[in-house]
Amino acid sequence: MNKLTKISAVTAVIGIALVAGSIFNPFAEGASVGSQPGTADDPVVTKSYVDQQIQKAIQGGSIATQVPTATATPAATTAPTATPAQNAGNEAKIVDVKPGQILIAGAGAEFIVRAGKAVIYSNDTNGVADLTDGTDLANGVSAPSNHLLSFPREGRGIAVQDGQTLGLVVMVRGTYTLK
């Protein structure tokens, strides 16, 4: 075979492959129009459309509760004082600690300081286990934010750091007392 014949044969094979690929491409798996966003099988809707449908359902009586509006103001939360509380199971509760208050943990309780500057409170020489860093935090030491603190015995807790005007937001799992 000469060089011209070889080039012609390769060109013919490539041409046939391109034609066959373009013919069979629409039948390829996953290339159907229905899988594309915005079609009848996968519609794209706007937030206003969803809000309208919710309002229609509420007015029609099929939904018993009202959807909260953006203008609603949240109710002020009040923290209990010196009352023991307990969470059921592994449920975490959000507790607000104001300056001057101490959040005392029950045996086996766990705290995570989510906002504010806290210090460890302990009525003995032993401290609190910082499970995130694997360290023991003694009385008066700063409690790091977003660290899991474990309280093996009662009588230990956390307080708002001196000089702070804002309180703490603490996730609590287990029993606690707010004094």
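Brief remarks follow.
- Close Cβ contacts (under 6 Å, 6 or more residues apart or on different chains) running from residues in the stretch 148-173 that are acidic (Asp, Glu) to residues that are in a loop (DSSP other than H, G, I, E, B) comprise Glu154/Gly106; Glu154/Ala107.
- Flag if Ala107 is among the hydrophobic types (A, V, I, L, M, F, W, C) and assigned to a loop (DSSP other than H, G, I, E, B): yes
- The set of residues in the stretch 120-133 being surrounded by fewer than 17 Cβ atoms within 10 Å (Cβ to Cβ) and modelled with pLDDT of 85 or more consists of Leu131, Thr132.
- Taking the criterion of being open to solvent by 10 Å² or more (accessible area, probe 1.4 Å), under 18 Å from Ala92 (Cβ atoms) and not small (Gly, Ala, Ser), the residues of the stretch 165-179 that qualify are Val169, Met171, Arg173, Thr175, Thr177.
For every residue, the table says whether it meets (1) under 22 Å from the mean Cα position of the chain (by Cα); (2) under 23 Å from Asn90 (Cα atoms); (3) not hydrophobic (A, V, I, L, M, F, W, C).
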{"position": "Glu110", "(1), (2), (3)": "yes, yes, yes"}
{"position": "Asn123", "(1), (2), (3)": "no, no, yes"}
{"position": "Asn126", "(1), (2), (3)": "no, no, yes"}
{"position": "Thr132", "(1), (2), (3)": "yes, yes, yes"}
{"position": "Leu148", "(1), (2), (3)": "yes, yes, no"}
{"position": "Arg153", "(1), (2), (3)": "no, yes, yes"}
{"position": "Ile158", "(1), (2), (3)": "no, yes, no"}
{"position": "Gly163", "(1), (2), (3)": "no, no, yes"}
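- Hits in the stretch 134-149 (condition: surrounded by fewer than 17 Cβ atoms within 10 Å (Cβ to Cβ) and either farther than 15 Å from Arg114 by Cα or of a type in the set (Lys, Arg) (or both)): Gly134, Thr135, Asp136, Ala138, Asn139, Gly140, Val141
The values are calculated or read from the model by the stated rules, or taken from the named source; none is laboratory data. Since the model is a prediction, treat every value here as computed from it, not as a measurement. Virtual Cβ from ideal backbone geometry, glycine too; neighbours counted across all protein chains shown. In case anyone asks, the SASA skips ligands and DNA or RNA and just uses the protein heavy atoms, side chains included. Shrake-Rupley method; radii C 1.70, N 1.55, O 1.52, S 1.80 Å.
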